[in-house]
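Comments concern the structure below.
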Amino acid sequence: MEPGKDLTVGEPAKVLRRFCLPLFGSVIFQQMYNLADSFVAGKYIDEHALAAVGNSYEITLIFIAFAFGSGIGTSVVTARLFGAKQYAKMKTAVSTAVIAIAAVCAVLMMLGLPLNRPLLRLIHTPENIFADSAAYLMIYILSLPFVFLYNAANGIFSAIGDSRTPFRFLAASSTANVAMDILFVRYFHMGVPGTAWATLLCQGVSCILSLCFLLHRLRAFQTPNRPPLFSFSLLRQIAVIAIPSILQQSFISVGNIVIQRVINDFGSGVVAGYSAAVKLNNLVITSLTTIGNGVSNFTAQNLGACKRERVPAGHMAACKMVWCMMIPFMLLYFYAGEYLVRFFLDAP
């Protein structure tokens, strides 16, 4: 097996389509984690359980913004070094990113665990769903190491042109998550916390397998000397890309939290309906983000290989992919929106 796929050769549009297709599949399965939690909570418990999961979800998006942004910074820098065939420096970038991401994750966990309940109070969480929301959010915060490290591994795989390996791990783990959600809630009667524990376990397995496979893949890149584990210069390069992405997504998350606070004042029934709509909306947003990530890695590899002439063609191909993706989503949501919401609730 080749250690990585070179995105600097071949017809740009065709290369980008083949690269982005598994990424899009990964997004679908990534969304299945929370979609499964919401589906099982709404169908096998009640609408209050769905409201509790959805209410906590808006806060988790801030943590996801840090994990996702860090992954983007890691991916772009790694892709550029891979394209330039600077494998020793690439390995240093990977280890530097993992160390930095672990530190950021630790800080967020230390802040998140004690601020769990105050944050839920801040957004006016209804009393009848407060306990379940707090339990779900606490368990999610405990899973942050898996979330952060998986996003880092996924970004590195994408950087070396391999979008299929993380897709396979994610497909298996998210499918298992659906089964474990049902097992924990319907048969073990663990309620809303059961959905969170099921997600934590499946994400943990997916993260560990991804990291093990990534280490094996990186060993295939031969270097004359053992590269250093950390570089402040590479950390700055990663941060320059990661921080704007984190801030952009954090601002959006804060806006969603403000909206959630207003929605919460209408009671758990309205919260449940809003939560179902948000899940569908996020599916579209993350699908578009995936194309952006794909073209970012394509661009970074080609810039690293000094093949700037390929970048505009990749950008045009990405724009066409966006339109091809958005039109079906628009038609589906416009004409079948009520039926899609009924997937989560019996009475939207």
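Helix 164-182 and the long axis of the chain differ in direction by around 10°, with both axes built from C-alpha atoms. Placing +1 on the Cβ of every Lys and Arg and -1 on the Cβ of every Asp and Glu, with no other charges, gives the chain a dipole of roughly 1520 debye about its Cα centre.
For K320, a cut-off of 17 angstrom between C-alpha atoms picks up these aspartates and glutamates, skipping any fewer than 8 places away in its own chain: E11.
Relative to the Cα centre, the charge distribution of the range 119-248, modelled as +1 at Lys and Arg Cβ and -1 at Asp and Glu Cβ, gives a dipole magnitude of about 520 debye.
Relative protection proxy for 153-161, 67-75, from highest mean packing down: 153-161, 67-75 (other beta-carbon atoms within 10 angstrom). Convex hull volume of the C-alpha atoms in the range 12-341, normalised per residue: 123 Å³. Across the range 133-138, coupling constants 3J(HN,Hα) worked out from phi with the 6.51/-1.76/1.60 Karplus curve, θ = phi - 60°, read 4, 5, 5, 4, 5, 4 Hz, and Gly and Pro carry x. Overall, the anisotropy analysis places the range 190-348 in the prolate class: the square-rooted eigenvalues a ≥ b ≥ c of its C-alpha gyration tensor yield a/c not less than 1.5, with a/b exceeding b/c. Relative to the dominant Cα principal axis of the chain, helix 12-44 is inclined by about 20°. The angle between the Cα long axis of helix 268-304 and the main principal axis of the chain comes to about 0°, on a 0 to 90 degree scale.
Every read-out reported here was derived from the displayed coordinates using simple, explicitly stated rules and does not represent laboratory data. Because the structure is predicted, anything quoted here is derived from the model rather than measured. Heads up, the Cβs are rebuilt from the backbone with ideal geometry, glycines too, and the neighbour counts pull from every protein chain shown.
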